[in-house]
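The values are calculated or read from the model by the stated rules, or taken from the named source; none is laboratory data. Every value quoted in this text rests on a predicted model; they were computed, and no experiment measured them. Backbone-built Cβ (ideal geometry, glycine too); neighbour counts: all protein chains shown. Ligands, DNA and RNA are excluded from the accessible area calculation, which covers all protein heavy atoms including side chains. Shrake-Rupley method; radii C 1.70, N 1.55, O 1.52, S 1.80 Å.
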Amino acid sequence: MASVFIGLGSNLSDPVKQLNTALSSLEKLPKTSVVQTSSFYGSTPLGPADQPDFVNAVCLLDTAFSPLELLAELKKIEADQGRIKKRHWGERLIDLDILLFDELTLTSSVLTIPHQGIASRDFVLIPLLEIAPDLMIPNKGSVQSLISVLQTSYLYPLSEASQ
Ligand code: ROI
């Protein structure tokens, strides 16, 4: 079994509901269990500012799928849920990203692990810190050290969201 961190994000059609729907789909995956889920966080958009705020979270899976098998399962969940991607770095109904897959590093045209944006996005690092405070990211260092040098802040407590 591999330990895999997944990033969840949504900024359309009741994002909290979208994250909960995606989490229950992840729980139903074969050969996979959801071990832990972070709190849900509000975040201002990285990318065009004229889109709704996001809700972000991360979860930890144990899975017997390979990285590419898991990627296919995530794309299926996104499609079943009705993935809307209107524009580059634009609004999404549900986005499921493989952030880390054990200590694996992988670069291909379809999948990069660790996820490319992981080191600079507080909406990924803060939820990761919550569920895995001692986590090391291959070739990038500890989650804590990455957070300490972040340049930009997107996150806020979800209760402050204007929904
Ligand atoms: N911005 C935030 N705050 N959260 C996301 O999950 C997110 N996902 C994306 C883009 C559009 C780049 N911006 C985001 O894919």
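Screening V58, V35, V110, V4 for residues that are of a type in the set (V, I, T), within 19 Å of E130 (Cα to Cα) and open to solvent by 20 Å² or more (accessible area, probe 1.4 Å) leaves exactly one candidate, V35. List the residue pairs whose Cβ atoms are under 8 Å apart, where the first residue sits in segment 115-131 and is at positive phi and without any contact (Cβ under 8 Å) to a residue 40 or more places away in the chain, the second is open to solvent by less than 10 Å² (accessible area, probe 1.4 Å) and not in a loop (DSSP other than H, G, I, E, B), and the two are 6 or more positions apart or on different chains. Taking only residues 6 or more apart or on different chains, not a single pair turns up. Of the residues making up segment 76-103, those that are hydrophobic (A, V, I, L, M, F, W, C) and in contact with a Phe, Trp or Tyr (Cβ under 9 Å, 6 or more places away or on another chain) are I98, L99, L100, F101. When R83 is tested against the conditions (1) within 21 Å of V35 (Cα to Cα); (2) open to solvent by 40 Å² or more (accessible area, probe 1.4 Å); (3) within 12 Å of the ligand (Cβ to nearest atom), the lone failure is (1). For N139, the conditions (1) within 15 Å of the ligand (Cβ to nearest atom); (2) in contact (Cβ under 8 Å) with a residue 24 or more places away in the chain; (3) open to solvent by 20 Å² or more (accessible area, probe 1.4 Å); (4) out of contact with any strand residue (DSSP E or B) (no Cβ under 9 Å at 6 or more places or on another chain) are fulfilled apart from (1). With respect to Q116, is the statement that it is in a loop (DSSP other than H, G, I, E, B) and either of a type in the set (F, W, Y) or under 26 Å from T32 (Cα atoms) (or both) true? Taking the combined requirement at face value, the residue satisfies it.
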